[in-house]
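The values are calculated or read from the model by the stated rules, or taken from the named source; none is laboratory data. What you see is a predicted model, and the numbers here were worked out from it, not measured in a lab. In this analysis, Cβ positions are derived from the backbone assuming ideal geometry, glycine residues included, and neighbour counts consider all displayed protein chains.
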Amino acid sequence: MIELYTDGASAGNPGKSGIGIYITGEGHSIKLSEPIAPCDNHTAEFVALIRGLEEASKLTTGILSVRSDSQLVVQAVDKEFVKNPLYKPYLKKALELILNFEYFFIKWISDDTNRAADALARQAIRNQK
């Protein structure tokens, strides 16, 4: 089983933004910190999930367990619905990527539990010019 921790961060609304991805399990320990286009925090969270799913699909098509501290993202994926039209394309893309996995789980975790991905997302913001 692969565990994927994701986090998105924005310094402003919108503002400089970054994503953090931490993948562990099956002998993997991958950390990604990437700047993204300026956006709001929720968009950054969706972008982080999508990038994480893309990276995880390179490692397995079996069991993927995703952990996110974004209640909006977790609920949207669980319900396969998001009210705000701004986020619908991101949810659609995430749901398409999820089909690559035999078993998929997503769970909300607290900020304290998501420190690795959070630090990577914040690092991505700091590294922008």
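Overview of results
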read-out	value
Near pairs, Cβ below 8 angstrom, 6+ apart or cross-chain, from the range 25-51 (without any contact (Cβ under 8 Å) to a residue 60 or more places away in the chain and more than 19 Å from LYS107 (Cα to Cα)) to any residue that is among the charged types (D, E, K, R) and crowded, with 16+ Cβ neighbours inside 10 Å	ILE30/GLU55; PRO38/LYS16
Test: residue in the range 23-32 that is touching a helix residue (DSSP H, G or I) at 6+ places or on another chain (Cβ under 9 Å), buried (at least 23 other Cβ atoms within 10 Å of the Cβ) and either under 25 Å from ASN127 (Cβ atoms) or modelled with pLDDT under 95 (or both)	yes
Some residue of the range 79-101 being over 17 Å from MET1 (Cβ atoms) and at pLDDT below 95	no
Among the candidates LYS83, LYS92, residue that is charged (D, E, K, R), part of a helix (DSSP H, G or I) and farther than 17 Å from HIS28 by Cβ	LYS92
Cross-chain or 6+ apart pairs with Cβ under 9 Å, the range 92-104 first and free of Cβ contacts under 8 Å to residues at least 24 places away in the same chain and within 14 Å of VAL74 (Cα to Cα), then part of a helix (DSSP H, G or I) and of a type outside the set (S, T, N, Q)	LEU95/VAL77
Index of the failed condition, LYS107 passing every other in (1) over 13 Å from TYR22 (Cα atoms); (2) over 13 Å from the mean Cα position of the chain (by Cα)	(2)
Residue ID - nearest to ILE109 (Cα to Cα), chosen from residues in the range 52-80 that are out of contact with any strand residue (DSSP E or B) (no Cβ under 9 Å at 6 or more places or on another chain) and either free of Cβ contacts under 8 Å to residues at least 40 places away in the same chain or not in a helix (DSSP H, G or I) (or both)	LEU72
Boolean, LEU53 is modelled with pLDDT of 95 or more, within 20 Å of GLU80 (Cβ to Cβ), buried (at least 20 other Cβ atoms within 10 Å of the Cβ) and more than 12 Å from the chain's Cα centre (by Cα)	no
Residue within the range 30-51 that is in contact with a Leu (Cβ under 8 Å, 6 or more places away or on another chain) and in a loop (DSSP other than H, G, I, E, B) present	no
